[in-house]
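The structure appears below as structure tokens.
The values are calculated or read from the model by the stated rules, or taken from the named source; none is laboratory data. Predicted, not measured: the structure shown is a model, and the values here were computed from it. Cβ: placed from backbone, ideal geometry, glycine included. Neighbour counts: every protein chain shown. For accessibility, only protein heavy atoms count, side chains too; no ligands or nucleic acids. Shrake-Rupley method; radii C 1.70, N 1.55, O 1.52, S 1.80 Å.
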Amino acid sequence: MKLLSILAAAALSFLSVSASAIPMHTLRKGGDDPVFENDFADPSIFQDEDGTWYAFGTAGNDKQVQVATGDSLYGKWSLLENIDALPQSAAWTTGRHTWAPDVRQASNGKYVMYYSGEVAEDSAHHCIGAAVADFITGPYIPEDEPFACNLSAGGSIDASGFQDVDGKQYVLYKVDGNSVGHGGSCSNTKNPIVPTPIMLQEVGDDGVTKVGQPIEIFNRSDEDGPLVEAPSLLRTDNGLYILFFSSGCYLEPSYNVNYATSTSLTGPFQRAQRPIIKSGEYTLRAPGGATAVHVGDKVGIAFHADCQQGRCMHTSHAVVDGREVRVVM
Ligand SMILES: *[C@@H]1O[C@H](CO)[C@@H](O)[C@H](O)[C@H]1NC(C)=O
Ligand SMILES: *[C@@H]1O[C@H](CO)[C@@H](O)[C@H](O)[C@H]1NC(C)=O
């Protein structure tokens, strides 16, 4: 009798702990193995209403925009081998080397993809395009005109969406200054170093129509090496804006998942003291291109790192402690 009640009490306390914590088997160790073994760089992630996770990745495996799916962020994922989410290309692009897609559901209910398209009139550069679909996996139909394309500044890449607490929607992107750089690592460690600022552009309900002018919210600094890129923005319930970005060069171990924080959407953003994920940690090489999303009271991050197939997708959990963001071990 006594033993039984002790067992019952132990079972109850075990249940109450495990109900509030995340089951251990879903807690990945900050990116030990990729979630699937295919080349799938610069992932963005999205959880649809039915709970299914989708990831969108840079061109590869004969698709311009690859799609993968998983039942949970930290479980196993698989590539949707028969789907190219962007089967048609806009006339301003070459329709090849499409990079860093980001998918959101706009306030009007449509799915919007921001992508980096190779510019037809000057294939040394990419610009941001937008494409719209009725279903999460597409087909995404590209808008006729690029969303952001200042070729004299180097074009623009790595767009991602953000919705603020007041409902307003924004698109972040990087001015691809290193594509007009003067040499060195990622073409931009020789003077004069070309700026690669992160821009913030407000958009309307459709996620596509621009509202006002873009503003510059973050700059490369010397510790970043050639560039900052791959912006992804989150706001915590405490009102802290966390701007995830990559610095270094994606071809080299210097690439990383880095971040800066601000109490205001438009900055100033204060750099973190150290990147959240860098080469040599968790057996990763050249991690970067991250997208961060809310997962319950934590942050879920998808990023890529070098693998045998090219660049493979990893996921991780992170927690925010004051202004510090840490991968959960
Ligand atoms: C385009 O980039 C150039 C070079 O950085 C800059 O001088 C110019 O103001 C930019 N134009 C627009 C419309 O942003
Ligand atoms: C970025 O640097 C330029 C000059 O190099 C400066 O004019 C601009 O204000 C800076 N932007 C931010 C957001 O710090």
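log₁₀ I(q)/I(0) of the stretch 6-328 at q = 0.13 Å⁻¹, via Debye over equal Cα point scatterers, no solvent, to two decimals?
-0.90
Name the residues whose placed amide hydrogens come within less than 5 Å of the amide hydrogen of Val35, ignoring near sequence neighbours (fewer than 5 apart) on the same chain.
So Val35 has HN proximity to Met313, His314, Thr315.
Please arrange Leu243, Leu151 by accessible surface area, largest first, computed with a 1.4 Å probe and ligands excluded.
Leu151, Leu243
Given H placed on each backbone N at 1.01 Å, which residues far from Gly95 in sequence or on other chains put an amide H within less than 5 Å of it?
So Gly95 has HN proximity to Glu118.
Using Cα pairs under 8 angstrom and six or more residues apart, how large is the relative contact order of the stretch 6-328, in percent?
It rounds to 15 percent for the stretch 6-328.
Of all the C-alpha pairs in the stretch 231-315, what % are more than 19 Å from each other?
38
Sort Cys186, Cys149 from largest to smallest accessible area, using a 1.4 Å probe on the heavy atoms of the protein chains.
Largest to smallest exposure gives the sequence Cys149, Cys186.
I'd like to know which of Ser185, Ile157, Thr137 lies farthest towards the positive end of the charge dipole of the stretch 6-328, counting +1 on Cβ of Lys and Arg and -1 on Cβ of Asp and Glu.
So the residue furthest toward the plus end is Ser185.
Could you order Met313, Met199 so the one with the most accessible surface comes first? Probe is 1.4 Å.
Met199, Met313
So if I take the centroid of the Cα atoms in the stretch 155-233 and the same for the stretch 247-304, what is the distance between those two points in Å?
Using only Cα atoms, the two centres lie 15 Å from each other.
Using only the alpha-carbon atoms, how far is helix 2-20 inclined from the longest principal axis of the chain? Give it as 0 to 90 degrees, nearest 10.
10
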